[in-house]
Amino acid sequence: MQSLAADLELAAVTKAYGDTTAVDRVSLKIPAGTYCCLLGPSGCGKSSTLRMIAGHEFISDGDVMIGNTIVNDLPPAKRGTAMMFQNYALFPHLSVRENVAFSLKMAGTPKAERLSRAEEMLSLVDMGRYGDRLPAQLSGGQQQRVALARALVTNPTVLLLDEPLSALDPFLRIRMRAELKRYQRDFGISFIHVTHSQEEAMALADMVVVMNDGRIEQVGSPREIFNQPKTRFVAQFMGGHNVVSDAGRAYAVRADKVRLLGTVSSDETSSQRATVTDVEYQGMTVHVAMRRSDGTDLLATLAEHEFDRAPVSVGDEVQVGWHASDRHELAA
Ligand code: ADP
């Protein structure tokens, strides 16, 4: 399988819809062969960014570069990108094989060649036996593989995926997410995957791009984003963090670093009183929600055995703290 990996670069890319600036001077370099997730809440500009890369949306300002080419004015089929949609957009009246061969047909590839390439691509996604079926005769996961084969048959340099897992049930979603990662590695090209799920981005991405309100908040590996959130927004959106204020500064403290007093030495902690507002048993961990007298909510995630050593209940007054080194300053 030949594949031509290429770097992708956005330079101050902007999208305005009338008065709405959906994407605001986004600059980003995605090296060839990267699994990149565009992550953020609904309406933050992820899909608009993806559609501008694909050529399905005009770029209001800035440049999109693939390899050494500025592709702003190229039609989608000439950019070397392929897109996989949320609902897979398979043609219901065409067989699986014809669905996969469709874009080759549009490109004028002779029939025998396009059908054999479709067949080859179907076997690469373990769907070799299903070429004659109609999409309605497949499960959700199988439809997704067909959609993937259809996108990859054109030998794209970059595959664009818009919420590709959201139509699947939670069990299948986790299985298909592992498959996506495997195909990205096998093909060696970049996948750019739009999602609002931090869990999905953490599981898949080499590079997470956290977006908020049309702008990039932070770019990094999942570990960097989770362990060193730069802003309050990133800390809160990624979850699992407390954002606390101290002397006019904002800090993030991971919930699994928060201790109920007695479990850390007092010289290393900043400790404070709080009232337990909720206790949730989660299996391997116990989540203890608390409120300080100034109204700030705190969350501690304790290992089950740790909780069992000194169990607390709703309404208890507790002393909470964390090591100073687990407190991470956020940008103002
Ligand atoms: P996301 O993918 O993160 O949910 P979108 O890129 O779809 O975000 O949308 C970003 C913003 O642009 C939103 O405020 C949305 O309402 C607006 N928007 C998206 N598409 C259009 C459109 N075709 N016309 C007008 N506004 C749009």
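Between D246 and A203, how many nm apart are label points set 7 Å from Cα along the C-beta direction?
Using points 7 Å along Cα→Cβ, the separation is 3.5 nm.
How would the chain be classified by its alpha-carbon gyration tensor: rounded, prolate or oblate, with rounded meaning a/c under 1.5 and the a/b versus b/c comparison settling the rest?
prolate
What share of the DSSP beta bridges in segment 8-227 is antiparallel, in percent to the nearest 5?
50
Per residue of segment 7-15, what does 6.51 cos²θ - 1.76 cosθ + 1.60 with θ = phi - 60° give for ³J(HN,Hα)? Whole Hz please, x for Gly and Pro, Karplus curve as stated.
The phi angles translate into 5, 10, 10, 10, 10, 6, 6, 10, 10 Hz.
Just name one of N242, Y183, A16: the one whose Cα is farthest towards the positive end of the charge dipole of the chain (beta-carbon charges, Lys/Arg +1, Asp/Glu -1).
Y183
Run the simple label-point estimate for D294 and N72 please: 7 Å along Cα→C-beta, distance reported in nm.
According to this spin-label approximation, the distance is 4.8 nm.
If each residue of separation counts as 0.36 nm, what is the full-extension length gain between L94 and V314 once their alpha-carbon separation is subtracted?
Length difference between fully extended and current span is 73.3 nm.
Suppose R0 equals 35 Å. What FRET efficiency, 1/(1 + (r/R0)^6) with r the Cβ-Cβ distance, do K29 and Y281 give to the nearest 0.05?
0.20
Greater than 28 Å separation of Cα atoms is the criterion. Which listed pairs, K29/K181; K78/K111; K78/K230; K46/K230, meet it?
K78/K230, as the Cα separations exceed 28 Å there.
Starting with the fewest neighbours, write out T81, T21, T277 ranked by other beta-carbon atoms found within 10 Å of each beta-carbon.
Least crowded to most crowded, the residues run T277, T21, T81.
Give a residue-ordered list of calculated ³J(HN,Hα) values for segment 289-300 (Karplus: 6.51 cos²θ - 1.76 cosθ + 1.60, θ = phi - 60°; whole Hz; x for Gly, Pro).
9, 9, 10, 7, 5, 7, x, 6, 8, 10, 10, 10
For the residues T109, T49, T195, what sequence is obtained by ranking on other C-beta atoms within 10 Å, fewest first?
In order of increasing Cβ crowding within 10 Å: T109, T195, T49.
So between S123 and E306, what do we pick up on full extension, going 0.36 nm a residue minus the alpha carbon distance?
60.9 nm
Restricting to DSSP H runs of at least four residues, report the calculated mean residue ellipticity at 222 nm for the chain, -39500 (n - 2.57) per run over all residues, nearest 500 deg cm²/dmol.
-8000 deg cm²/dmol
Read-outs throughout are calculated quantities, based only on the coordinates presented, and are distinct from any laboratory measurement. All of these numbers come straight from a predicted model, not from anything done at the bench. Note that we place each Cβ from the backbone using ideal geometry, even for glycine, and neighbour counts take in every protein chain shown.
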